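Notes to accompany the following structure.
The values are calculated or read from the model by the stated rules, or taken from the named source; none is laboratory data. All of these numbers come straight from a predicted model, not from anything done at the bench. We place every Cβ from the backbone using ideal geometry, glycine too, and count neighbours over all the protein chains shown.
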Amino acid sequence: MLMPDVNVLVYAHRRDEAWHEPYADWLKGVVDGPEPFALSVLVAVGFLRIVTTRGSMRIPRHCP
């Protein structure tokens, strides 16, 4: 089972990050692939906290 860390989700989400493309491609492959995939609540909450907090990134993102 594959279970990514919060950093993987942040890089896959942030198009302005240098590592966006390889992480986004990897994450899409994992989600669409045959191996089981899990996302912990702690990682999901950490991801949301990082990408929506002003000052933690150059351009904060907002949840719809």
Q | Residue that is farthest from Pro4 (Cα to Cα) [pool: residues in the range 20-39 that are touching a residue at least 12 places away in the same chain (Cβ under 8 Å) and of a type in the set (A, V, I, L, M, F, W, C)] | A | Ala24
Q) Quick one: in the range 1-18, which of the residues that are aliphatic (A, V, I, L, M) and either touching a residue at least 12 places away in the same chain (Cβ under 8 Å) or closer than 18 Å to Glu35 by Cβ (or both) is surrounded by the most Cβ atoms within 10 Å (Cβ to Cβ)? A) Ala12
(Q) Regarding the range 19-27, can at least one residue be identified that is in contact with a strand residue (DSSP E or B) (Cβ under 7 Å, 6 or more places away or on another chain), surrounded by 11 or more Cβ atoms within 10 Å (Cβ to Cβ) and modelled with pLDDT under 95? (A) no
Q) Looking only at the range 1-42, which residues are part of a loop (DSSP other than H, G, I, E, B) and of a type in the set (Gly, Ala, Ser)? A) Ala18, Gly33, Ala38, Ser40
Q) In the range 43-59, which residue that is loosely packed, with under 15 Cβ neighbours inside 10 Å, part of a helix (DSSP H, G or I) and not aliphatic (A, V, I, L, M) is modelled with the lowest pLDDT? A) Thr52
